[in-house]
Amino acid sequence: MSLLVRLRPVAFVAALLVIWQVAVSLSPVHILPGPWEVVGGIVDLIQHGLLLKYVVASLFRVTWGFTLAAVLAIPAGLTIGWYGRAEMALNPIVQILRPISPLAWIPIAILWFGVGDLASIFLIFVGCFFPLVLTAINAVQSVPAVYVNAGRNFGLSPAALVYRVLYPAVIPQLLVGLRITLGVAWLVVVAAEMIAVNSGLGFLIVDARNAGNRYDLVVAGMVIIGLIGLLLDLGMRSLEKVKSLRWSYSEE
């Protein structure tokens with residue numbers, strides 16, 4: 001890939017920033033801070049030691065909520081997808097609870113856990129759990145039956161069948177599901193922090209709005225949220241490039 005191609009995204013972002021600054025300068029009403037004001041807001045947060053504090057708080061909640069959901073949802077989904085009776089018994093419950101927005105659980109989360117980290121972690125867990133369950137179910141059910149039957153005919157034990165047949169077949173789909181769900185977790189934590197906690201990037205946005213209409217800090221928080229979300233997505237995408245994880249059965 002040539003240097004020119006690599007610089008295209010940077011040039012595009014730079015052009016957007018220029019357009020943003022020109023639009024703010026020409027606007028007769030100051031309804032949105034310009035890029036330099038946002039940069040000043042970020043510097044202000046760094047100088048007061050708040051930026052790192054809020055970023056760490058948000059990442060802490062996302063890490064726990066996302067990890068707990070993955071640890072519980074993936075085995076549950078694989079079990080439901082692998083055993084037909086389990087699917088008949090549990091899938092209706094999953095389908096009923098799945099469409100409920102994680103934000104609808106906010107009153108219950110506050111009632112159970114109060115205002116703090118546990119409430120936010122619970123909301124992230126709920127937001128991640130059901131998408132991961134469905135991803136695991138679909139991953140198992142998409143494994144061609146001929147490969148499962150071939151493994152059994154060769155006398156593979158249940159453990160060997162899982163490791164040598166099920167594992168390589170479902171991992172690529174699970175990685176895609178984990179990548180998408182991590183984005184959901186990042187969305188949910190911002191919304192939860194606006195209501196259920198007194199720290200984090202979501203709280204920063206609400207607090208800046210209430211404390212003297214500091215819209216430079218509001219937009220700064222939005223920019224930081226977007227950048228961290230991009231880095232998290234890039235991290236998950238890098239896992240998809242690992243050869244031992246991206247291999248799957250070919251239909252050809």
task = Collect the residues in segment 152-172 that are under 14 Å from Pro75 (Cα atoms) and surrounded by 16 or more Cβ atoms within 10 Å (Cβ to Cβ), keeping them in residue-number order.
result = Leu166, Val170, Ile171
request  = Test Val223 against the criterion of being under 27 Å from Leu103 (Cα atoms), surrounded by fewer than 16 Cβ atoms within 10 Å (Cβ to Cβ) and in contact with a helix residue (DSSP H, G or I) (Cβ under 8 Å, 6 or more places away or on another chain), and give yes or no.
outcome  = yes
request  = Look through Trp20, Trp36 and report the one residue that is without any contact (Cβ under 8 Å) to a residue 40 or more places away in the chain, in contact with a Gly (Cβ under 8 Å, 6 or more places away or on another chain) and more than 30 Å from Leu118 (Cα to Cα).
outcome  = Trp20
request  = State which residue pairs qualify: first residue more than 12 Å from Leu97 (Cα to Cα) and inside segment 112-137, second residue surrounded by fewer than 24 Cβ atoms within 10 Å (Cβ to Cβ) and acidic (Asp, Glu) in any location, beta carbons under 8 Å apart, and separation of 6 or more residues or different chains.
outcome  = Ile137/Glu87
Ala185 being crowded, with 20+ Cβ neighbours inside 10 Å, aliphatic (A, V, I, L, M), in a helix (DSSP H, G or I) and in contact with a Phe, Trp or Tyr (Cβ under 9 Å, 6 or more places away or on another chain) = yes
ask   = Quick one: is Leu166 closer than 26 Å to Arg237 by Cβ, assigned to a helix (DSSP H, G or I) and modelled with pLDDT of 85 or more?
value = no
request  = Could you tell me which of the residues Gly84, Gly41, Gly34, Gly65 is crowded, with 17+ Cβ neighbours inside 10 Å and more than 24 Å from Arg209 (Cα to Cα)?
outcome  = Gly65
So Gly127, is it at pLDDT below 90 and out of contact with any Gly (no Cβ under 7 Å at 6 or more places or on another chain) = no
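The values are calculated or read from the model by the stated rules, or taken from the named source; none is laboratory data. Since the structure is predicted, the reported quantities are computational estimates derived from the model, not experimental observations. When we count neighbours, we look across all protein chains shown, and the Cβ atoms used for this are built from the backbone with ideal geometry, even at glycine.
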